[in-house]
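As structure tokens, the structure follows; a few thoughts come after it.
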Ligand code: ZN
């Protein structure tokens, strides 16, 4: 049974805080929304990635969300799967909060910046659903909207449609209700147009050798990106917290390392969202990057990944450390492949890889490289786009 916590609907966004002159700007950049909400004065509920959400002013007005990239808009009924909607109605009935005699007892669903959802009954009662419960309740459209809002990314949609003079790129920090302590990881402030940057990345952890690797990185002031397996995060939450405290980036490498091409869209979605939830539960941080197990994707997987607001991070230097299990061979592969803007692939679950780290880092730094996180290297990578290096975003 779902757990419904009494709550109040999060406040609307103040349009000047997101760089818009007024809330009506939302209707200008998202014409599909204007059709759905009709002629009313609106408040802005969300503006993240390609998604805008609004409601008409006034107590009883439900939320509508639009993906401006595809020009579609959806009401609450579109955001839930039929089974998800029934689960919510059952939970409301169990709590004695299902309004009698209403043709539509569920007035609306809204999403918050931490992945949580708010459901409002026809009687005006509001309940919060905690983030880990939300994803299984949603339709594809609901997952897209929640993923964009949860990603915390700046609003990027609508450039083609926006009237002249309407600013459409807004501050990432300001776009979302409620003002939770939502954080993303991995920014870094090294200017890679000036510095000679390179990104080292470690997959499949956290594991028994990860703390030792963090010691090695800390002693050299080198930053790395960790693509974590969700199922391992709960066992070593303090290691994952330490990664963030020491300026590294944490990212999503699926829950249990399946080949994403073989498991279907719903399972891909679950693999990613469970891992997002585990990392968020351990750290309060929501990753914006993922790496597919084996580097393997197909169109279905990419579409789910995009809907969850995650960029796809590949690599262009493969040390094959999982195969050679040799510190000297891993070192030689890393250093012979290294170049400015490279993304180097390691696995911190092998002791030989961790043994190789001091020599590799010392050598790269002596060649003038600054070791940065992937997000620092790439800027603000786009959801659903595959990146192999700083100079090579794939399709
Ligand atoms: Zn892996």
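In what order do 242, 291 fall by count of nearby beta-carbon atoms within 10 Å, going from fewest to most?
On the way: 242 18, 291 26.
Least to most surrounded, the residues fall as 242, 291.
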Within a Gaussian network of the chain (alpha carbon springs, distance under 10 Å), most fluctuating of 28, 301, 154: 28
Taking segment 1-61 and dividing mean pair separation by its residue count, relative contact order in percent (alpha carbons under 8 Å, at least six apart): 27 percent
Footprinting exposure proxy for 111, 155, 127 (fewest neighbouring C-beta atoms within 10 Å first): 127, 155, 111
Mean-position separation - Cα centroids, segment 117-141 and segment 333-367, in angstrom: 45 Å
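Rounded, prolate or oblate: pick one for the chain, where a ≥ b ≥ c are the square roots of the eigenvalues of its C-alpha gyration tensor, a/c under 1.5 means rounded, and failing that, prolate if a/b is larger than b/c, else oblate. Intermediate values should be presented prior to the final figure.
Values: a/c = 2.39, a/b = 1.76, b/c = 1.36.
Note, shape of the chain comes out prolate.
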Alpha-carbon centroids, segment 250-317 and segment 199-234: separation in whole Å: 18 Å
Footprinting exposure proxy for 347, 339 (fewest neighbouring C-beta atoms within 10 Å first): 339, 347
Spin-label model distance (nm) - residue 336 vs residue 41, 7 Å beyond Cα toward Cβ: 7.0 nm
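So for segment 1-151, averaging the separation of alpha carbon pairs under 8 Å that are six or more residues apart and normalising by length, what relative contact order in percent results?
Working: 279 pairs, mean separation 36.9, N = 151.
This gives 24 percent for segment 1-151.
Can you tell me the length gained on complete extension of the stretch residue 130 to residue 56, counting 0.36 nm per residue apart and subtracting the Cα distance?
Separation in residues times 0.36 nm, less the Cα-Cα distance, equals 24.1 nm.
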Gain in span if fully extended, residue 231 to residue 14, counting 0.36 nm per residue against the direct Cα distance: 74.3 nm
Cα gyration tensor shape for segment 262-373, rounded if a/c is under 1.5, else prolate or oblate: prolate
Computed FRET value (nearest 0.05) for residue 245 with residue 140, which takes r as the C-beta separation and R₀ as 25 Å: 0.10
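So, R0 is 35 Å and r is the distance between the beta-carbons of residue 90 and residue 266; what FRET efficiency does that work out to, to 0.05? Walk me through the numbers on the way to the answer.
On the way: r = 21 Å, r/R0 = 0.59.
So, using R0 = 35 Å, E works out to roughly 0.95.
For the chain, what is the relative contact order in percent, using Cα pairs closer than 8 Å and at least 6 residues apart in sequence? Walk me through the intermediate numbers first.
On the way: 895 pairs, mean separation 63.2, N = 395.
Dividing the mean separation by the residue count of the chain yields 16 percent.
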Net length gained if the chain between residue 215 and residue 392 were fully extended (0.36 nm per residue, minus Cα distance): 60.6 nm
Cα extents of segment 11-137 along the three principal axes, largest first (Å): 44, 29, 25
Translational diffusion coefficient (Stokes-Einstein; Kirkwood radius from C-alpha pairs) of segment 1-84 at 20 °C, 1.002 mPa s, in µm²/s: 158 µm²/s
DSSP beta bridges in the chain [antiparallel fraction, %, rounded to 5]: 55 percent
Ellipticity estimate at 222 nm from DSSP helix runs (n ≥ 4, -39,500 (n - 2.57)) divided over the chain, nearest 500: -9500 deg cm²/dmol
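Does segment 56-98 come out rounded, prolate or oblate, given a ≥ b ≥ c as the square roots of the eigenvalues of its C-alpha gyration tensor, rounded meaning a/c under 1.5 and, failing that, prolate meaning a/b above b/c? Can you show the working numbers first?
Working: a/c = 5.55, a/b = 1.60, b/c = 3.47.
Cα axes put segment 56-98 in the oblate bin.
None of the figures in this text is laboratory data; all of them are computed from the coordinates on show. A quick note: this is a predicted structure, and the numbers were derived from the prediction, not measured. As a convention, Cβ positions derive from the backbone with ideal geometry for all residues, glycine included, and neighbour counts pool all protein chains shown.
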